[in-house]
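Worksheet for the structure shown next.
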Amino acid sequence: MTITIDERREQALAALPPHREPGFWARANRWIRTHLVQFFAAFALLFMFLPVMIVVLFSFNVPAGRFNYNWNQFSTIAWTNVWQDPQITDAVKLSIEIALLSTTVSVVLGTLIAFAIGRHNFRGRGGINLLIFMPMATPEVVMGSSLLTLFVAAQLEGSLGFATITVAHIMFCISFVVVTVKARIAGLDSRLEQAAMDLYADERTTFMKITFPLVLPGIVAAALLAFSLSFDDFVITNFTSGQAVTFPMFVWGANTRGIPPEANVVGAIMFIIALVVVLLPEVVKRVRKS
Amino acid sequence: MSAAPVPGAASAAPADDVARSVGTKSWTPYALLSPGMLWLAIFFLVPTVMLLRMSLSSGSAFAGDGTFSFSWGALQWGNYGDAVSKYVIDSPIFQKSLIYALIATVLCLTIAYPLAYTIAFKAGRWRNLLLVLVIAPFFTSFLLRTTAWSTILSDSSIVVQFMENTGMLTVLHAINTPDSWPTWTQIFPDGLTGETRVLQTPLAVILGITYNFLPFMTLPLFASLERIDVRLIEAATDLYSSAFTAFRKVTFPLSLPGVVAGTLLTFIPAAGDPVNAALLGAANDSLMGNAIDAQFKATGNYPLAASLSVMLMVVIVTMVALYVRRAGTEELV
């Protein structure tokens, strides 16, 4: 028995399962599978931001008792009162002074080191790398206690305060500045500098007009990081502060008797300022583009 | 694990530098280095030596004349004996700190890897924004953020109610070190959580540590993922490896420097963290950080506190030395 080719094709088509568009669940399933890693990332971001949201939210709370852990009543009273409390104002002022000074010094020292490591080869590189890494990997308790030991041995125990806190903050900020600025230097296209030199710019001009402006964003990022690390430091400060009360020290001291919502206001303000400072260049860039 | 297989990574930099530093004077790098390194030497290295010295001294800040004496002829090794008998044998604080830190590090890695991976490969034009979001929580006081977990994990919170209703708390509570085991192994004597509560249990402390050190894991991971040449992954999939195999054989091995750097920056500082145990843990649940803090501040037994700090330093130096032997120092900074 013979069949035509057309008949054969029809038979073959009939044997195929009927074609269907994948259903909603099948498509959803596939979409979820291809986006699984993004789901986990979103979860991680939620995990990181949930406490920040709680801090901001509870700055609008009127605590029922001493402790500001449970939601009671909405109010903006903490926001209007925040600078009335001399304890908070003094602590924030001290923290800002320390953070500004230690940021300035650590950014200068750290940037110089970053240029040395990123741009030069020299003997003893390994040791230098190690000495920069160690403060980042050492527990703060160990650094704080060893600094206190040093200050005690130098008979400075009676004069612990602004100076000793700042000295300590500069120490642990330097490493983070080096890492941040060095990453920027390593990412530079050295052909830009070569081009400048080819066009008869001397070394100084090349540095001032090409290298430094290109590294500057890294230096700014490092300064922001150093400022936040210093402003926020508690453990090392706790060992080196003596009677001085920085903002984290105030929060720690207030914790046993209940942290006032005003402290949350300070936290929220810091967060908003930082977000604006960090996001502004990005926003400006997008607006200019469009 | 070694630095070599990462294309275009820092390991290639020094050779390049030689060419670039031709023409500058040979003392230039030292002039650039010296102010900052001097600062680190005086306020990091010298204090570490002072700490070692203190750990072998005798005396107390609050007893006698409040001074300490050190002599090479009479090194006070007994301080270490005290530290071990009090904080390793009588109560397992040293081991507990390391185990809490280990669990927190594993959790950090699990949470941070997908995040860093997404930012490096899947974020497109949102990449910079996401990077900013990773460090943004840094800017709110970390003490406030840590106490915020007291709200999130309070007994009546949604999270804890959910864990209780699904039976998770029953399971976590059942994970404990049996009473019949010797004292030095009693790390979770009352279970990972309570039957109805999470706050003031080991889990709350571990979660707090995980939360606080997450950016220190995410950023090095991102840095090493970002450096991966995407063409290597494409080559793997072109040669018919599945997405998972390509990840297992190409992406993950190439990201190992970041995994290790992140682990170093998370595990060791976490092992000495005093804040999470104090704010989120039970009153009697202290870790090495709290022990050192208390011996310094409350007891004034500086030599004992110093020997506890040195015990942590030994763990750090060992881990860093193992890393440096395999991968060198270029990828550290």
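Each residue in region B:180-214 was checked for being outside any loop (DSSP other than H, G, I, E, B) and at pLDDT 90 or above, and 13 pass.
The residue list A:Leu50, A:Leu45, A:Leu101, A:Leu57 contains one member that is surrounded by 14 or more Cβ atoms within 10 Å (Cβ to Cβ) and closer than 21 Å to A:Met249 by Cα, which is A:Leu101.
Within region A:232-254, how many residues are more than 8 Å from every other protein chain (Cβ to nearest Cβ) and either in contact (Cβ under 8 Å) with a residue 60 or more places away in the chain or aliphatic (A, V, I, L, M) (or both)? Qualifying residue count, region A:232-254: 13. Say whether the condition of being more than 20 Å from A:Phe231 (Cα to Cα), out of contact with any Leu (no Cβ under 8 Å at 6 or more places or on another chain) and outside any helix (DSSP H, G or I) is met by at least one residue in region A:162-182. Within region A:162-182 (the criterion being more than 20 Å from A:Phe231 (Cα to Cα), out of contact with any Leu (no Cβ under 8 Å at 6 or more places or on another chain) and outside any helix (DSSP H, G or I)), the answer is no, since none of the residues qualifies. On inspection, B:Leu332 qualifies as at pLDDT below 90 and not β-branched (Val, Ile, Thr).
Per-residue answers, yes or no, for (1) acidic (Asp, Glu); (2) within 20 Å of B:Phe213 (Cα to Cα); (3) within 14 Å of another protein chain (Cβ to nearest Cβ); (4) touching a residue at least 12 places away in the same chain (Cβ under 8 Å):
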| position | (1), (2), (3), (4) |
| --- | --- |
| B:Ser85 | no, no, no, no |
| B:Asp90 | yes, no, no, yes |
| B:Ile93 | no, no, yes, yes |
| B:Tyr100 | no, yes, yes, yes |
| B:Ile103 | no, yes, no, yes |
| B:Thr110 | no, yes, yes, no |
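Considered as a group, the residues in region A:173-231 that are more than 26 Å from A:Ala274 (Cβ to Cβ) and basic (Lys, Arg) include one that is nearest to the chain's Cα centre (by Cα), and that residue is A:Lys209.
Here the helices (runs of 4 or more DSSP H) wholly within region A:189-270 that include at least 2 residues being at pLDDT 90 or above and either over 17 Å from A:Gly144 (Cα atoms) or not acidic (Asp, Glu) (or both) are A:212-232, A:235-240, A:247-255.
Inside region A:1-46, can you point out the residues that are at pLDDT 85 or above and charged (D, E, K, R)? Across region A:1-46, the qualifying residues are A:Asp6, A:Glu7, A:Arg8, A:Arg9, A:Glu10. Restricting region A:159-198 to residues that are charged (D, E, K, R) and within 11 Å of chain B (Cβ to nearest Cβ) leaves a set whose member that is farthest from A:Asp90 (Cα to Cα) is A:Glu193. In the set B:Phe43, B:Phe62, B:Phe70, only one residue is within 13 Å of another protein chain (Cβ to nearest Cβ) and within 30 Å of A:Leu109 (Cβ to Cβ); that residue is B:Phe43.
Results for (1) surrounded by fewer than 22 Cβ atoms within 10 Å (Cβ to Cβ); (2) hydrophobic (A, V, I, L, M, F, W, C); (3) over 30 Å from B:Gln76 (Cβ atoms), shown as yes or no for each residue.
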site	(1), (2), (3)
B:Thr218	no, no, yes
B:Ser224	no, no, yes
B:Glu234	yes, no, yes
B:Ala261	no, yes, yes
B:Ile268	no, yes, no
B:Asn276	no, no, yes
B:Leu279	yes, yes, yes
B:Asn290	yes, no, no
B:Tyr302	no, no, no
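In region B:116-131, the condition of being among the hydrophobic types (A, V, I, L, M, F, W, C), touching a Ser or Thr at 6+ places or on another chain (Cβ under 7 Å) and more than 7 Å from every other protein chain (Cβ to nearest Cβ) is met by at least one residue. Within region A:200-216, does at least one residue satisfy the condition of being crowded, with 24+ Cβ neighbours inside 10 Å and touching a residue at least 12 places away in the same chain (Cβ under 8 Å)? No; the residues of region A:200-216 include none that is crowded, with 24+ Cβ neighbours inside 10 Å and touching a residue at least 12 places away in the same chain (Cβ under 8 Å). The requirement of being in contact (Cβ under 8 Å) with a residue 24 or more places away in the chain and within 13 Å of another protein chain (Cβ to nearest Cβ) is fulfilled somewhere in region B:186-200, by at least one residue.
The values are calculated or read from the model by the stated rules, or taken from the named source; none is laboratory data. What you see is a predicted model; the values in this text were computed from it and never measured. In this analysis, Cβ positions are derived from the backbone assuming ideal geometry, glycine residues included, and neighbour counts consider all displayed protein chains.
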